[in-house]
Amino acid sequence: MWLHASCVLDFNIPVATPFLLMLRPRSGRQQWVAREQYEFSPSVMAVEFTDPFGNLCQRVVAPAGPFSVYTSVNIECADAFDVAQGAPFVEVQNLPEDTLPFLLPSRFCESDRFIQLAQSLVVGVAPGYDQCTAIIDYIRQTLRYSPGSGQEIISACEVNEKSEAVCRDMAHLGIACCRALSIPARMVVGYLEGLEPMDLHAWFEAYVGGRWYAFDPTQTSRYGGRVTIAYGRDAADVAIYSQFGDPVDLMRMDIRVERMLSPL
């Protein structure tokens, strides 16, 4: 399927401020970028680089005053994420090297503190994909998905003490539990067709059966086109923007995702 996705960020900048942006999807096995638009107002010079996780990042210095970022993309993606019940656990010694950073505890995913809980959730469950499904069931049974309720980023341990959470928090909990079982897991940020209310979305992927599979505790259906913008160990790696120096005001963020008949 083809999607048109766009993001508008309007800032009020008190003084010239350096930014790191992460707003460009890349083509890969599960998505193909056909057309992009990326604009700054007022126009500024941008320098692009690729971070250690392969994400496309941009460095800019925003001038004082109103500053806007506009991005859009026409992209081909699947209309649902893959399901693979029974996909086996991959032993750590056989994992590809690029999955190893996603086995370790990170700032918001303290997997070393979830070993007992994770093991209790998967008693009698086949190692691998089915364990990830059991973790998703636990998250859905204990947390209510509440978009807009979490402004501050909190860790998996803090999430596990709450009764409601946003998509980012639920992904952190899933990642921590997977890693506690020696299953590589990574955070994903991007667009989801049909998300209500529309916003940027977060889910996670786990490495089982020799590849990455998507898991989303917030959605009961696997259907809906997904556009990945960035991967990381947790939310600290996948912020769509980071500013440095004096605080800035984000005046507006407008996200739109629409289905297209063709990329043109």
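Things worth noting here:
- Residue match in the stretch 241-262 (condition: buried (at least 20 other Cβ atoms within 10 Å of the Cβ), under 25 Å from residue 32 (Cα atoms), touching a Leu at 6+ places or on another chain (Cβ under 8 Å) and not polar (S, T, N, Q)): yes
- Options 79, 98, 51: the member that is at negative phi, of a type in the set (Asp, Glu) and touching a helix residue (DSSP H, G or I) at 6+ places or on another chain (Cβ under 9 Å): 51
- Test result for residue 117, surrounded by 12 or more Cβ atoms within 10 Å (Cβ to Cβ), modelled with pLDDT of 95 or more and more than 21 Å from residue 203 (Cα to Cα): no
- Some residue of the stretch 243-259 being among the polar types (S, T, N, Q), in a strand (DSSP E or B), in contact (Cβ under 8 Å) with a residue 60 or more places away in the chain and under 11 Å from residue 187 (Cβ atoms): no
- Among residues of the stretch 201-237, those that are within 13 Å of the chain's Cα centre (by Cα), hydrophobic (A, V, I, L, M, F, W, C), in the same structural domain as residue 132 (by TED's automatic domain parsing) and surrounded by 21 or more Cβ atoms within 10 Å (Cβ to Cβ), counted: 5
- Among the conditions (1) hydrophobic (A, V, I, L, M, F, W, C); (2) under 19 Å from residue 231 (Cβ atoms); (3) assigned to a helix (DSSP H, G or I), residue 73 misses just one, which is (3).
- Contacts under 8 angstrom Cβ, first residue in the stretch 55-67 being free of Cβ contacts under 8 Å to residues at least 40 places away in the same chain, partner part of a loop (DSSP other than H, G, I, E, B) and surrounded by fewer than 18 Cβ atoms within 10 Å (Cβ to Cβ), 6 or more apart: 56/26; 57/51; 58/46
- Residue within the stretch 129-136 that is modelled with pLDDT of 95 or more, among the aromatic types (Phe, Trp, Tyr) and touching a Ser or Thr at 6+ places or on another chain (Cβ under 9 Å) present: no
The values are calculated or read from the model by the stated rules, or taken from the named source; none is laboratory data. Computed from a predicted structure; not experimentally measured. Quick reminder, even Gly has a Cβ in these numbers, built from the backbone with ideal geometry, and neighbours come from all protein chains shown.
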